[in-house]
Amino acid sequence: MDESIGTTDAVAASPWHLWVVGGLSLLWNSFGAYDYTMTQLRDRDYIASAVEPLGFDVETAIAYWDGFPIWADFFWALGVWGSVAGSVLLLLRSRFAMHSFVISLIGLIGGMAYQFTNPMPGLTDSTIPMVFTLVIFAIIIALVWYANRMTATGVLR
């Protein structure tokens, strides 16, 4: 009888950093999911806490988001939920984590293309939104790289 029948390829053990990166990315992306959900639900208290320190009132922010074309909302959702899915898939050791992070990156680029060409009315200093976007961009790029590396080494299957 052939001993190789019924055996599977050895899968690399989960390194400790997979759980750290996966857990931290899920925590980070959960904030994005919470922000997206509260914004879409038009939670006035949440929106006030986010925009009033930047000098905007709630009505201006809500009117701005209500004016988003459907494609901008679509890309925003793609960016947020793609990252959440990527984080979960990373923890599940799925090779599709990288694909989800790439989808998230596409969503970020599409969503930010609209927001940077159509800033919130009254925005005079775009430094804070630009820096925050660059941080998000860098984190997603790092997560794409990490998931790709873990797939190449056989940790993600």
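Would you call Pro121 more than 12 Å from the chain's Cα centre (by Cα), part of a helix (DSSP H, G or I) and modelled with pLDDT under 95?
No; evaluated as a whole, the condition is false for this residue.
So, in region 1-22, of the ones that are modelled with pLDDT of 95 or more and surrounded by 13 or more Cβ atoms within 10 Å (Cβ to Cβ), which residue ends up nearest to Ala85 (Cα to Cα)?
Gly22
From the set of residues in region 131-155 that are free of Cβ contacts under 8 Å to residues at least 12 places away in the same chain and not β-branched (Val, Ile, Thr), which is nearest to Glu59 (Cα to Cα)?
Top of the filtered list is Phe132.
Applying the selection to region 103-157, what residues are buried (at least 18 other Cβ atoms within 10 Å of the Cβ) and not hydrophobic (A, V, I, L, M, F, W, C)?
Hits for region 103-157 are Ser104, Gly107, Gly111, Gln115, Tyr146, Thr151.
Assess whether Ser94 counts as being surrounded by 17 or more Cβ atoms within 10 Å (Cβ to Cβ), under 26 Å from Ala152 (Cα atoms), among the hydroxyl-bearing types (Ser, Thr, Tyr) and over 11 Å from the mean Cα position of the chain (by Cα).
yes
Could you identify the single residue in Ser30, Ser83, Ser25, Ser100 that is in contact with a Gly (Cβ under 6 Å, 6 or more places away or on another chain), modelled with pLDDT of 95 or more and assigned to a helix (DSSP H, G or I)?
Ser100
The values are calculated or read from the model by the stated rules, or taken from the named source; none is laboratory data. Nothing here was measured: the structure is a model prediction, and the numbers come from that model. Using ideal geometry, Cβ is built from the backbone for each residue, glycine included, and neighbour counts are taken over all protein chains shown.
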